[in-house]
Amino acid sequence: MSDVTRIEIAMRSGFSDSRGRAVARRIRTHLGIPVRDVRTRDVYHVEPALSPGEAERVAREFAGPVTRVGAVGRVEDPGPWDVAISVGYRPGVTDPVGKSARVAIEDLLGRSLGPGAAVYTSRVYLLAGVDLEQGRRIARELLANEIIERISVLDWDSFARGPVDLSVPRVAVTTVPEVETIDLERSDDDLVRLSRERLLALSLDELRTIRDFFRRAGDDPARRAAGLGPAPTDAELECLAQTWSEHCKHKIMNARIRYEEPGAAPETIDSLFRTYIRGTTEQLDARIRAREGASWLVSVFHDNAGVIAATDRHHLVYKVETHNSPSALDPYGGAITGIVGVNRDPFGTGLGSELLSNVWGYCFASPRTSTAIPRGLLHPRRIREGVHQGVIDGGNQSGIPYARGWEYFDPRFLGKPLVFCGTVGRMPVTVAGRPAERKRCRPGDRIVMVGGRIGKDGIHGATFSSAELTEESPVQAVQIGDPITQKMMFDFLLEARDRGLYSAITDNGAGGLSSSVGEMAQQPGGARMDLARAPLKYQGLAPWEILVSEAQERMTVAVPPDRLDEFLELARRREVEATDLGEFTDDGMFHVLHDGRTVCFLPLEFLHDGLPPMELTARWSPPGHRPMPVAPRPDPATFGQQAREFLARENLASNELIARQYDHEVKGLTIVRPFVGRAGDVPSDAAVMQIEHGRWEGYVLAEGVFPCYSDVDAWAMAEAGVDLAVRRVLAAGARFDRIAALDNYCWPDPLPGPDNPDAEHKLAQLVRASRGLARACLAYGVPLISGKDSMKNDAVIGGMRISIPPTLLVSAIALIEDVRRAVTLETRAAGDVLFVVGETRDELGGTEWARARGVDGGDVPRCTPEDWAARYRAVSGAIRDGLVRAAHAPGRGGLLPALFQMARAARLGIEADLDAVPVDGQPGWEALAFAESCGRFLLSCAPERCAELERRLDGVPHAVLGRFVEPQVLRLSLGGEPLLDAEVDGLAAGWERTLNDDAAGEDGR
Amino acid sequence: MSAGRYGGVRVLIPTGFGLNCEAETAHAFRALGAEPDLVHWTDLFAHRHGRRLADYDVLVFVGGFSYGDHIAGGLVLATRIRARLLDDLRAFLDRGGYALGICNGFQTLLRLGLLPGPDAPPHDFEPRADLAPNDRLGYRDAWVTLRVEPDTRCAWLRGIDRLEVPSRHGEGRFVVADDAELERLERRGAVVLRYVGPDGEPTEAWPHNPNGSRRGVAGITDATGRILGLMPHPDAFLHPWHHPRALVSDAPEDEFSRTGLAVFRAGLEAAASR
């Protein structure tokens, strides 16, 4: 204990502590505790202790000259305060600040702190106006997450006059556990128990397959020669569990499914993935080749991210991932790991990509949820703040601008929030003279792990995400991303890439080394490595733990033996850790040793192809939906108020304030930002970014997601997602023939089980969503280039199951030849004419209006993409030829929010006659204003070019809806009578307030 | 644009440790005809790069998150530079070199004591001011308008009166001991850039002033006028279409011709004519 130096840094009295003020505000608004004042301190514990003179120097250096004061031990403060809360990490939790502090101290003092030394950081909050009990509540519910952090709450006297706290969260050093052998010759019940107790997430069928394999192969002479007996080791079982996890193998998307629906003969689908996703892309690839002679699909499905051709110099790489379960437990850590984790996917594709932009999207329960939160779950406001702050820090510190961001709220996301994070990369067409999309890992190449060290963090992440959340979910499953360590690793690896120092690269993500090396080994045909060489954060890890740990910021590369010295030397120079773990072989085995002793000896064939396909049944019983009860048409004044309240709903409101905490223009390639318009406060339809400095080619990003349409039909949900993503990129000016998409499924558990009675229905929803996805993509010519599925988005708390609505996120990436010709939803001038394209139908089911009214809305919006492709071509042509001044794809909320946003963006008014809207059927006033019918665009056009636009839209259902006017009012009429006459400013008031809550995201950690 | 004119100006852009604006900063110099060297700090520390700092005319501290802004923005990097490269830096300054620090680079220059620096050369590397967390806590990315102090002797701002650029930081509130000290710095001509409101006057009000700096301070120069540090990012406004209003303009090339390149051009011009 005494061999520790404590240094405190605090704001000098007289200087404002903005962090303290923000915490005070959140205590008041979130917890309703009338705290009077809060000040904060940063604490650094250095072990082993520094000399008194050294400690003083460090305290001075860390404090700086003016606003802060540093002290060894304790900063003097006359107080009086009431309560002091200290928050530090638990042992073994990543402490990036401590790591940087160590570097600074060593350079400042000009000496190494020595092996085993560490700097541990913590924070102190001094509070006035609260008692100890309130202090404990503030600590637990706002300042700390006890899964990863330790809390101490003291009264002021004990803190200020008691002994100085010198405790540090050092990981207790233990001896390395022995490798266990696990006998699988046991009853079925015992096998199932084994899987549960070891968190293997393997089914009985899978365990039997493994048992049968060892019955056959256990006596193999090669295995005996390697020193292993007939039963599997813990490392082998863990390795199989990770590799065969739902997370890694997508067993449900690859299952054989018997699909039944009323009035139709049962069908068998052999893998949803192969049939509807890869099948769609293969068809489209053939179509592209027939039309263009070559395909722009460069690499799809078999690598970490999809690759499309973009310019003569670069391909584009795109991947979107989810990080739901960890974000539910530790919102900040889970989310930052989500974003820096998905960064590694494009980075680890082919021979590696530079990262150009990030996207994010979250599904939460309302941050204003006032019902009791079940034990084991966090309040959605806390989840929201933590997730935002995590992705903000992860993206900003990595120097990657975000291009798109969205939020969606529904009470069912209480059980599991959805945290989507994605990254676009830029891959040179060739690297060191070779095609960059191809890895060339050969026997004899060295297996080199680069980046962070291995700890127990993140063990069982892959199997954990493949299991539902319970009160006992393991804390080991939470990792905390460290963007700076990763950024330094990426900088180094790009240098190594361009010098041709490695032949293949992949990410250490789910499953850790077992997955990364296991997957890379498939190309050369084997791998042999020794885990004892791997750098550890602390001693005492069992070999199996080293093998499957998901400790972050690591990549695995294959380095040709003749480049190894150069590679390792460059890593040393760049202060990046790189370790030679072994070599790739061609003996067909995944051979893992620990200090020379074999701990895992599995044929690659069994590891990768031994998994028996799942057999499942899906039964579709269309959920009934009642038509929407007709609401009487309101008078314009009443309707003005209703419209204001509607626009202020969480699912329509602006989140600009928090969105601007994400950098969106680092790299200097951003053209159309997340928020556009005269005051930069209206969300754009799509992002437009340059690919390279000095050139005008660009890419366009947008997405579509409609979770609540699944309540009626997941088919419609999927189609609407594709349709909106496509309309949005077209509205921005993208080429129609260069749109690709990613599919991210987040589903409630579709596997049958005693506590999951409607699994067959959820599986039927999965089938229908996949069919809808395929149909729309085929009709629009949009290949699916990458995707991911997350199948356990349920929480079972106290016997109650909370399942999310089945959600498919469709993320489009498209090309534009010249970013200077991009279009947004902001028009130029009063007098511009407003066109609507596409029919409006009585489609209010699953819409925001039906949710606002709290009633069934009838059927959900349906797509006829085969009919709409020609329409989109016409619209896209008009936009790209410069006929259109503004373009907008109406989405959630329907026409009224779309018109509001166009008016707001231009700081103009709109006068529109809804009688002009092309219709299909007989939509009433509510449908005209709020139906979310797909296939529609709003376009604005200078008066003198309207005739030309009309000609271009010949044969396409469209109409002049109205015009932009100088006074900032939204005037809608219907049946010759005014329907709405409202000031745009007034409509915007609630829309701007709901989510732009000042406290949200302010140090949301 | 005089492509050939700045070809001989030697520009050094150190990289690494979480800095992340080197690509756009390098492009700004290239667009003006200079050929900057991008060199990793570790190679400068180890003297592995063929040239020393003093061989350069211009040294750029780019934006980013060196060491994640841990402890305080720019602190860890400045501590390392001070420990490993102080003599080289001194030689560079003694030779009359020009330095620019943007955002994290500004924070680093402040921690190194180069800004605001002593009232007269030579530099003593004594920190005298902080860039504290924004008054309204948190990072924010939004465009701001800056006014250049009239008659400034700062080489990087010669001929510029106004700049529209994005501001992107969480720690940008310039703080000195008290208002008297700030006034003294103003009299010395150290304050060269201020956030202005819609009326064109310096402001302390969010969002036009994103961090609450007293009297709208956004950029500082040293006693020689050869070093400039500023929080907002001229490196993110490289061509007219970077401006958020360009796509709705009928003539963006005219309307938004005053890009952030002006700062780099002024620095190159000064370096070229010395």
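The values are calculated or read from the model by the stated rules, or taken from the named source; none is laboratory data. Owing to the predicted nature of the structure, the values given are computational and were not obtained by experimental measurement. Note: ideal-geometry Cβ built from the backbone for every residue, glycine included; neighbour counts use all protein chains shown. Keep in mind that these areas ignore ligands, DNA and RNA; they rest on the heavy atoms of the full protein, side chains included. Shrake-Rupley method; radii C 1.70, N 1.55, O 1.52, S 1.80 Å.
Worth a mention:
- Once region A:237-270 is narrowed to residues that are of a type in the set (Ser, Thr, Tyr) and open to solvent by less than 20 Å² (accessible area, probe 1.4 Å), the residue that is modelled with the lowest pLDDT is A:245.
- Residue list for region A:457-479, filter: at pLDDT 75 or above and open to solvent by 10 Å² or more (accessible area, probe 1.4 Å): A:457
- Filter result (among the aliphatic types (A, V, I, L, M) and within 14 Å of chain B (Cβ to nearest Cβ)) within region A:118-140: A:119
- Filtering B:63, B:105, B:117 for residues that are within 22 Å of residue B:189 (Cα to Cα) and within 13 Å of another protein chain (Cβ to nearest Cβ) leaves a single hit, B:117.
- Taken together, the residues in region A:232-262 that are outside any strand (DSSP E or B) and under 13 Å from residue A:600 (Cβ atoms) amount to 11.
- Matching residues in region A:73-123 - criterion: being of a type in the set (Phe, Trp, Tyr) and touching a His at 6+ places or on another chain (Cβ under 9 Å): A:120
- Identity of the residue in region A:126-163, open to solvent by 40 Å² or more (accessible area, probe 1.4 Å) and assigned to a loop (DSSP other than H, G, I, E, B), that ends up modelled with the highest pLDDT: A:131
- Selected residue [in contact with a Gly (Cβ under 8 Å, 6 or more places away or on another chain), open to solvent by 20 Å² or more (accessible area, probe 1.4 Å) and in a helix (DSSP H, G or I)] from A:510, A:532: A:532
- Wholly enclosed strands (runs of 3 or more DSSP E) of region B:1-93 bearing at least 1 residues closer than 26 Å to residue B:169 by Cβ and free of Cβ contacts under 8 Å to residues at least 40 places away in the same chain: B:37-40
- Residues of region A:629-679 that are more than 22 Å from residue A:906 (Cα to Cα) and hydroxyl-bearing (Ser, Thr, Tyr): A:638, A:662.
- Conditions (1) surrounded by 15 or more Cβ atoms within 10 Å (Cβ to Cβ); (2) under 36 Å from the mean Cα position of the chain (by Cα); (3) part of a loop (DSSP other than H, G, I, E, B); number of the one not met by residue A:166: (2)
- Extreme residue, nearest to residue A:574 (Cα to Cα), among residues of region A:484-501 that are open to solvent by 10 Å² or more (accessible area, probe 1.4 Å) and not in a helix (DSSP H, G or I): A:499
- Pairs, first more than 26 Å from residue A:171 (Cβ to Cβ) in region A:79-92, second part of a loop (DSSP other than H, G, I, E, B), C-beta under 8 Å, six or more apart: A:82/A:129; A:82/A:130; A:82/A:131; A:83/A:130; A:83/A:131
- Flag if residue A:225 is small (Gly, Ala, Ser) and open to solvent by 60 Å² or more (accessible area, probe 1.4 Å): yes
- Against the conditions (1) assigned to a loop (DSSP other than H, G, I, E, B); (2) open to solvent by less than 10 Å² (accessible area, probe 1.4 Å); (3) within 30 Å of residue A:621 (Cβ to Cβ), residue A:721 satisfies every one except (1).
- Of the helices (runs of 4 or more DSSP H) lying entirely inside region A:1-117, those containing at least 3 residues that are more than 14 Å from chain B (Cβ to nearest Cβ) are A:18-31, A:52-63.
- Any chance residue B:69 is surrounded by fewer than 24 Cβ atoms within 10 Å (Cβ to Cβ) and either closer than 19 Å to residue B:233 by Cα or at pLDDT 95 or above (or both): no
- All positions within region B:117-167 that are of a type in the set (S, T, N, Q) and open to solvent by 10 Å² or more (accessible area, probe 1.4 Å): B:145, B:152
- Residue ID - farthest from the other protein chains (Cβ to nearest Cβ), chosen from residues in region B:68-99 that are of a type in the set (Lys, Arg) and within 14 Å of residue B:123 (Cβ to Cβ): B:95
- Subset of region A:397-420 [touching an Asp or Glu at 6+ places or on another chain (Cβ under 6 Å) and either hydrophobic (A, V, I, L, M, F, W, C) or open to solvent by 10 Å² or more (accessible area, probe 1.4 Å) (or both)]: A:409
- Single unsatisfied condition, residue B:185 versus (1) open to solvent by 30 Å² or more (accessible area, probe 1.4 Å); (2) within 13 Å of chain A (Cβ to nearest Cβ); (3) assigned to a helix (DSSP H, G or I): (1)
- Among residues of region A:738-749, those that are within 20 Å of residue A:774 (Cα to Cα), part of a loop (DSSP other than H, G, I, E, B) and under 22 Å from the mean Cα position of the chain (by Cα), counted: 1
- Within region A:546-593, the residues that satisfy the criterion of being open to solvent by 40 Å² or more (accessible area, probe 1.4 Å) and touching a Pro at 6+ places or on another chain (Cβ under 7 Å) are A:577, A:586.
- All helices (runs of 4 or more DSSP H) inside region A:860-954 with 1 or more residues being surrounded by fewer than 18 Cβ atoms within 10 Å (Cβ to Cβ): A:865-880, A:946-952
- Residue in region B:37-57 that is crowded, with 19+ Cβ neighbours inside 10 Å, of a type in the set (Asp, Glu), within 16 Å of the chain's Cα centre (by Cα) and within 14 Å of chain A (Cβ to nearest Cβ) present: no
- Looking across region A:272-313, the residues that are farther than 28 Å from residue A:255 by Cβ and among the acidic types (Asp, Glu) come down to A:292, A:312.
- Any hit, region B:204-214, residues being closer than 17 Å to residue B:150 by Cα, in contact with an Asp or Glu (Cβ under 7 Å, 6 or more places away or on another chain), open to solvent by less than 10 Å² (accessible area, probe 1.4 Å) and in contact (Cβ under 8 Å) with a residue 12 or more places away in the chain: no
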